[in-house]
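Below is one structure, written out as structure tokens; the observations come after it.
The values are calculated or read from the model by the stated rules, or taken from the named source; none is laboratory data. Owing to the predicted nature of the structure, the values given are computational and were not obtained by experimental measurement. Cβ placement follows ideal geometry from the backbone for every residue including glycine, while neighbour counts extend to all protein chains displayed. Side chains included, ligands, DNA and RNA excluded: accessible areas come from the protein's heavy atoms. Shrake-Rupley method; radii C 1.70, N 1.55, O 1.52, S 1.80 Å.
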Amino acid sequence: MMDKYNHFAVEDLVWDGYFRQWVLSPTRETDAAWTAWLKQSTVFNEKACQAREIVLSLKVLENQISDEEIDKSVKQTIARLNQPLPAHISDIDTPVIPFFRTVWFRVAASVSILILAGIFSRSYFSTVSTQRTAVATEVFPQPQSSFIKKINETQTPMRVELADKSTVTLTPGSYIQYEKHFKGDTREVFLVGEAFFDVSENPGRPFFVYANELVTKVLGTSFTVRALASSREVTVEVKSGRVSVFSKSDPNAVQKVGNNRLEGLVLSPNQKMIFKRDEVRMVKTLVEKPEIILPKDQIPHFSFEDTPVSEVFGAIEIAYGVDILYDAELLKDCPLTATLDNQPLNEKLMIICKAVEATYEVLDGQIVIHSEGCRN
């Protein structure tokens, strides 16, 4: 729960995985949670602002300063901080200014924070990673010796059928561990490598995939998880249905595991999540080649003649299951005449945008159209 942050110091926030994820790659879910929390306390708000600056500074300078430069600058900064205060400052008639609010300290602190970030991150992340692993071992289930282990030692994908009729397609070199017969109210699989999951629907028994620091939770859908041991990223790509993804460092992870709702970062068809392991952050985007999710007999013809662009976007949203955000008022008088049956989604969007004098980008797994209106 978020209540645990009541007693966090600035440095605790800096190295908290959930806080870092929000700072470095906020999603609608994390932004809503932290924004609501920050409104409750001005004291905590100040701590969060300081921690945020440190996290951002650490990310920028981590690889830009040599160890020698860091060591030298740290010693100089510490020496400066240890210098005695000028006599007039200690005068009894002079108001005492807390040392952390003096100008020289703020300058020295800002420099030392940026410099320390580089060296501290090198050693700290290994320690934090070890701590997280220990916590995860205590809180989250681990594969047991009695579990079945399937390893794909071939050069081609290997299909594995589970007791609940779900199937897992393992890429070469990948393996999974699972119970022969799922017990209790959950279905749990542990993955190392890459696999495509086609999960049988059972809302009463959520299906979990544990891969590195990430948990993927589904009720019945198809998706791909890529979690190579040597990679700095873990990715989840959804083909059908919806999945929720959250890190083991999420303070609400246990609650998310323990209920039958999809919480956390929710992905829909053609959406993709990239988890940056080193930075403890999630990036939500679209898969490289979005596919039409409608049954073949329901796929429309993308042939338009003087069709309002709002209708065109609506047809694409339904066919691909993606959200397209645009200013309806600006584009209300922008018709489209084009045949777009054979083009992939990105080409469809490029053609449409060129015709109506617009551009597009993908943000948080959605397509955002930028336009100043089209000329008559």
Quiz item: Does the stretch 205-218 contain at least one residue that is out of contact with any His (no Cβ under 6 Å at 6 or more places or on another chain), small (Gly, Ala, Ser) and part of a loop (DSSP other than H, G, I, E, B)?
Solution: no
Practice problem: Give the stretch 172-191 a look and list any residue that's out of contact with any Pro (no Cβ under 6 Å at 6 or more places or on another chain), farther than 22 Å from ARG261 by Cα and open to solvent by less than 50 Å² (accessible area, probe 1.4 Å), or say none. | Solution: SER174, ILE176, TYR178, GLU179, LEU191
Practice problem: Go through THR359, THR307, THR339, THR285 for me and flag whichever is among the polar types (S, T, N, Q) and free of Cβ contacts under 8 Å to residues at least 24 places away in the same chain. | Solution: THR359
Self-check item: Subset of the stretch 245-264 [under 19 Å from VAL199 (Cα atoms), in contact with a helix residue (DSSP H, G or I) (Cβ under 8 Å, 6 or more places away or on another chain) and open to solvent by 30 Å² or more (accessible area, probe 1.4 Å)]
Solution: GLU263
Quiz item: Looking at the stretch 147-163, which of the residues that are more than 26 Å from LYS256 (Cα to Cα) and part of a loop (DSSP other than H, G, I, E, B) is least open to solvent (accessible area, probe 1.4 Å)?
Solution: ASN152
Quiz prompt | Yes/no for LEU267 being open to solvent by less than 70 Å² (accessible area, probe 1.4 Å), of a type in the set (A, V, I, L, M) and at pLDDT 90 or above | solution = yes
Exercise. Would you tally the residues in the stretch 274-298 being within 24 Å of ASP250 (Cβ to Cβ) and basic (Lys, Arg)?
Key: 4
Practice problem: Out of the residues in the stretch 279-301 that are over 30 Å from ASP16 (Cα atoms) and touching a helix residue (DSSP H, G or I) at 6+ places or on another chain (Cβ under 7 Å), state the one that is least open to solvent (accessible area, probe 1.4 Å). | Solution: PRO290
Quiz prompt | Every pair of residues 6+ apart whose Cβ atoms lie under 9 Å, when the first sits in the stretch 1-22 and is assigned to a helix (DSSP H, G or I) and open to solvent by less than 70 Å² (accessible area, probe 1.4 Å) while the second is at pLDDT below 70 and among the β-branched types (Val, Ile, Thr) | solution = GLY17/VAL128
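Taking the stretch 222-244 as the region of interest, how many residues are open to solvent by less than 20 Å² (accessible area, probe 1.4 Å), more than 24 Å from GLY173 (Cα to Cα) and either assigned to a loop (DSSP other than H, G, I, E, B) or not hydroxyl-bearing (Ser, Thr, Tyr) (or both)? So that I can check it myself, show each step before the final result.
In the first step, residues of the stretch 222-244 are kept if they are open to solvent by less than 20 Å² (accessible area, probe 1.4 Å); the result is 222-223, 225, 227, 234-236, 238, 243-244.
Still in the running and more than 24 Å from GLY173 (Cα to Cα): 243-244.
So of that shortlist, the ones also either assigned to a loop (DSSP other than H, G, I, E, B) or not hydroxyl-bearing (Ser, Thr, Tyr) (or both) come out as 243.
Result for the stretch 222-244: 1.
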Exercise. Residue by residue through the stretch 348-376, note down the ones that are open to solvent by 20 Å² or more (accessible area, probe 1.4 Å), in a loop (DSSP other than H, G, I, E, B) and within 19 Å of THR27 (Cα to Cα).
Key: ASP364
Practice problem: Look through SER166, SER129 and report the one residue that is hydroxyl-bearing (Ser, Thr, Tyr), over 15 Å from ALA211 (Cβ atoms), open to solvent by less than 70 Å² (accessible area, probe 1.4 Å) and at pLDDT below 50. | Solution: SER129
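Does VAL215 count as among the β-branched types (Val, Ile, Thr), buried (at least 18 other Cβ atoms within 10 Å of the Cβ) and at pLDDT 95 or above?
Answer is no for this residue.
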Quiz item: With (1) in contact (Cβ under 8 Å) with a residue 40 or more places away in the chain; (2) aliphatic (A, V, I, L, M); (3) open to solvent by 20 Å² or more (accessible area, probe 1.4 Å); (4) over 26 Å from GLY264 (Cα atoms) as the list, and LEU345 as the residue in question, which single condition is left unmet?
Solution: (3)
Practice problem: Working carefully through the options ALA36, ALA32, find the one that is at pLDDT 75 or above, over 17 Å from the mean Cα position of the chain (by Cα), within 23 Å of GLY258 (Cβ to Cβ) and open to solvent by 30 Å² or more (accessible area, probe 1.4 Å). | Solution: ALA36
Quiz item: Is there a residue in the stretch 270-278 that is open to solvent by 50 Å² or more (accessible area, probe 1.4 Å), in contact with a Phe, Trp or Tyr (Cβ under 7 Å, 6 or more places away or on another chain) and more than 20 Å from VAL215 (Cβ to Cβ)?
Solution: no
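Filtering the stretch 316-327 down to residues that are in a loop (DSSP other than H, G, I, E, B) and within 22 Å of ASN270 (Cβ to Cβ), which residue is least open to solvent (accessible area, probe 1.4 Å)?
Per the stated criteria, the residue is VAL322.
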Quiz item: Among the residues of the stretch 328-347, which ones are within 25 Å of VAL287 (Cβ to Cβ), touching a strand residue (DSSP E or B) at 6+ places or on another chain (Cβ under 9 Å) and part of a loop (DSSP other than H, G, I, E, B)?
Solution: LEU340, ASP341
